[in-house]
Amino acid sequence: MSATIDYLLHLADNAVVLGQRDAEWCGHGPILEEDLALANVSLDLIGQARLLYQRAAELKGDGTTEDKLAYFRDSQEFRNYTLLELPHHGALVGYAVADRDYATTIVRNFLYSALMVHVWDALQTSADSTLAGIAAKSLKEATYHLHHSRDWLVRMGDGTDESHTRAQAAVNHLLPYTEEFWTVSPAETAAVEAGVGVDVRTLRAAWDALVNDALAEATLTRPQVRGYVPQGKVGLHSEHLGFLLAEMQSLARAHPDGCW
Amino acid sequence: MYTQSFNVPDQAGQKTVAVTPSTEDAELMARFDARIDADGRIEPQDWMPEAYRKTLVRQISQHAHSEIVGMLPEGNWISRAPSLKRKAILIAKVQDEGGHGLYLYSAAETLGTSRDQLLEGLHSGKAKYSSIFNYPTLNWADVGAIGWLVDGAAIMNQIPLCRCSYGPYSRAMVRVCKEESFHQRQGYEALLVMMKGTQAQREMVQDAVNRLWWKCLAMFGPPDADSPNSAQGMRWGIKRISNDDLRQKFVDATVPQAKVLGITLPDPDLKWNEERQHYDYGQIDWQEFWDTVEGNGPCNKERLATRVKAHNDGQWVRDAAQAYARKQQERAMKEAA
């Protein structure tokens with residue numbers, strides 16, 4: 001049971017953290033149509049997070065709720081990929097300030113949705129039938145997110161000199177974080193053994209093919225990646241998650257007895 | 001949302017152009033007038049007097065800009081929404097406002113003015129938008145109160161526009177009104193839930209209503225006696241009900257809702273008038289309204305600068321899309337050759 005809960009929290013935290021990040025564009029998009037598109041992506045992700053947290057809460061059975069899981073856990077308890085908590089700009093410390101960069105947003109959404117179309121596809125046969133149902137719904141959404149982000153990745157890579165430079169910089173910055181996809185956490189191992197989760201290592205070849213194909217069409221190069229492998233999914237995050245959660249959780253925590 | 005005074009001129013002192021058709025236009029004008037008198041619709045391909053076109057472009061663009069600028073005060077709370085359900089509702093709502101902006105810019109384009117031209121008007125400060133968005137959203141209850149009161153006021157103003165004489169605008173308004181009325185009920189429901197919560201939550205609701213109430217009354221625009229453009233708008237079927245009548249309708253509808261909610265509307269003069277069969281209400285501070293319309297409210301500069309920044313920062317993204325589209329076209333032509 002606890003293997004399933006830990007695994008659900010990993011999936012839910014991924015969705016809520018990226019949903020929170022993508023919603024930061026609301027009202028600030030580069031063109032109205034993209035404002036609407038990013039809000040859609042964010043809504044899908046928050047919808048996924050809600051279903052996953054609800055299922056985790058149900059299995060916990062201790063009276064917890066989706067909101068307690070999202071708003072009253074601290075950053076070291078979050079199990080999302082580090083990639084998803086990074087701000088929408090290049091490498092800077094947690095308390096630095098920089099303008100949001102749409103290339104970073106698009107490249108991240110691309111790298112993540114290229115993984116999730118395979119993850120959700122595999123989870124449609126999860127031993128947890130609720131998770132299997134959530135996966136079927138989320139697969140449709142991730143397919144759209146992949147479509148949207150891949151289209152823009154190609155436009156940026158094969159657009160102007162500036163957009164090419166920005167897209168390449170975003171790929172160089174973010175690709176190393178995807179190494180975390182291929183390590184297997186204890187929660188994932190347990191979930192795979194229980195027939196609930198998917199062994200991500202089996203998805204790597206398909207992900208590589210999607211990424212290589214899109215980068216080639218975008219006239220971008222895939223950098224060599226080595227060194228530190230992020231460990232957000234075991235609770236060791238970047239400096240950025242603390243700020244994201246401080247903002248997201250502030251109102252709920254200021255009024256712990258409030259009803260909304 | 002969000003009409004206020006669509007009869008507020010974009011530039012101070014601008015007057016509605018008098019309709020004086022030349023002789024050769026007289027027949028077209030007569031046909032146009034007859035269609036308006038018969039409560040028919042004017043469509044983009046139809047002849048229309050220049051002043052009608054200009055007034056509509058101004059009105060639709062003010063409305064579109066209001067939707068887009070209106071995303072900012074509510075967007076202020078997306079990252080801090082206190083539950084995932086409320087976060088999703090708020091994102092969807094702000095997204096709807098963006099969608100309204102999109103249909104309205106498209107409606108204005110049917111009159112021969114491009115979205116770029118309209119945005120240029122907004123960014124240069126020439127074009128107006130609803131003043132209500134120049135006030136800050138200071139606590140979470142503002143999100144519910146904007147839905148209940150601001151969208152509520154907007155609906156009063158906009159439902160008559162579903163019958164407006166210009167076809168594309170009236171059709172856009174049908175969809176906009178459906179969504180706004182959903183937002184209005186959603187906002188009210190959010191406040192009802194908060195009123196059943198803690199004392200601090202009830203205080204948030206009262207505080208939000210205190211700050212928004214008078215601004216909402218002003219949203220309907222200057223009193224009829226001071227609205228020189230209204231009569232022409234009425235004649236053309238692009239304004240159906242006068243500012244004061246709409247304002248009264250809003251007050252009459254809102255007072256009972258406030259009672260159910262359990263909050264006090266901040267107006268000591270608000271009371272039922274048996275003779276008029278309407279609520280009387282106190283004096284609106286028109287000086288403050290005009291100060292804000294003219295750009296000197298608490299958030300005008302922030303709102304506008306934020307729109308300008310988003311547009312400028314996004315230039316490279318739009319350029320990339322165009323450059324890519326051109327390359328694709330060239331490749332297709334080469335292949336065809």
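The values are calculated or read from the model by the stated rules, or taken from the named source; none is laboratory data. This is a predicted model, so every value here is computed, not measured. Neighbour counts run over all protein chains shown; Cβ positions are idealised from the backbone, glycine included. Only protein heavy atoms, including side chains, enter the accessible area calculation; ligands, DNA and RNA are left aside. Shrake-Rupley method; radii C 1.70, N 1.55, O 1.52, S 1.80 Å.
For this structure, a couple of remarks:
- The residues listed here are B:TYR169, B:TYR103, B:TYR129; of these, the one that is touching a residue at least 12 places away in the same chain (Cβ under 8 Å) and either open to solvent by less than 10 Å² (accessible area, probe 1.4 Å) or touching a strand residue (DSSP E or B) at 6+ places or on another chain (Cβ under 7 Å) (or both) is B:TYR169.
- Checking B:GLN45 against (1) open to solvent by 40 Å² or more (accessible area, probe 1.4 Å); (2) assigned to a helix (DSSP H, G or I); (3) of a type in the set (S, T, N, Q), the condition it does not meet: (2)
- Flag if B:LEU72 is open to solvent by 10 Å² or more (accessible area, probe 1.4 Å), in contact with a Gly (Cβ under 9 Å, 6 or more places away or on another chain), within 9 Å of another protein chain (Cβ to nearest Cβ) and not hydroxyl-bearing (Ser, Thr, Tyr): yes
- The set of residues from segment A:133-143 being surrounded by fewer than 16 Cβ atoms within 10 Å (Cβ to Cβ) and either more than 10 Å from A:GLN48 (Cα to Cα) or in contact with a His (Cβ under 6 Å, 6 or more places away or on another chain) (or both) comprises A:GLY133, A:ALA136, A:LYS140, A:THR143.
- Any hit, segment B:80-100, residues being away from chain A (no Cβ under 14 Å) and either open to solvent by less than 30 Å² (accessible area, probe 1.4 Å) or of a type in the set (Ser, Thr, Tyr) (or both): no
Yes/no matrix, rows are residues, columns are (1) crowded, with 24+ Cβ neighbours inside 10 Å; (2) outside any helix (DSSP H, G or I); (3) at positive phi; (4) aliphatic (A, V, I, L, M):
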site: B:GLY147; (1), (2), (3), (4): yes, no, no, no
site: B:ALA154; (1), (2), (3), (4): yes, no, no, yes
site: B:VAL176; (1), (2), (3), (4): yes, no, no, yes
site: B:VAL193; (1), (2), (3), (4): no, no, no, yes
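- A:THR105 fulfils the conditions (1) without any contact (Cβ under 8 Å) to a residue 60 or more places away in the chain; (2) crowded, with 23+ Cβ neighbours inside 10 Å except for a single criterion, (1).
- Flag: A:ASP67 matches the condition of being in a helix (DSSP H, G or I), in contact with a Leu (Cβ under 8 Å, 6 or more places away or on another chain) and open to solvent by 10 Å² or more (accessible area, probe 1.4 Å).
- Helices (runs of 4 or more DSSP H) contained entirely in segment A:147-260, each with at least 3 residues that are charged (D, E, K, R) and more than 30 Å from B:ALA200 (Cβ to Cβ): A:161-174, A:204-217
- Residue count for segment A:158-182, restricted to those that are open to solvent by less than 50 Å² (accessible area, probe 1.4 Å) and either modelled with pLDDT under 95 or within 14 Å of chain B (Cβ to nearest Cβ) (or both): 7
- Qualifying residue in segment A:69-82 (condition: within 26 Å of A:ALA136 (Cα to Cα) and facing another protein chain (nearest Cβ under 10 Å)): yes
- In the set (1) over 24 Å from A:SER126 (Cβ atoms); (2) within 10 Å of chain B (Cβ to nearest Cβ), A:ILE46 fails one condition alone, (1).
- Neighbours by Cβ (under 6 Å, 6+ apart or cross-chain): first from segment B:229-253, closer than 25 Å to B:MET48 by Cβ; second aromatic (Phe, Trp, Tyr): B:TRP236/B:TYR52; B:ASN243/B:PHE220
- Residue in segment B:176-187 that is away from chain A (no Cβ under 14 Å), touching a residue at least 60 places away in the same chain (Cβ under 8 Å), more than 15 Å from B:ILE60 (Cα to Cα) and among the charged types (D, E, K, R) present: yes
- Cβ-Cβ under 6 Å pairs, at least 6 apart or on other chains, segment B:307-324 side facing chain A (nearest Cβ under 7 Å), far side part of a helix (DSSP H, G or I): B:TRP316/A:GLU162; B:TRP316/A:SER163; B:VAL317/A:TYR102; B:ALA320/A:ARG155; B:ALA320/A:MET156; B:ALA320/A:SER163; B:ALA321/A:ARG155; B:TYR324/A:ARG155
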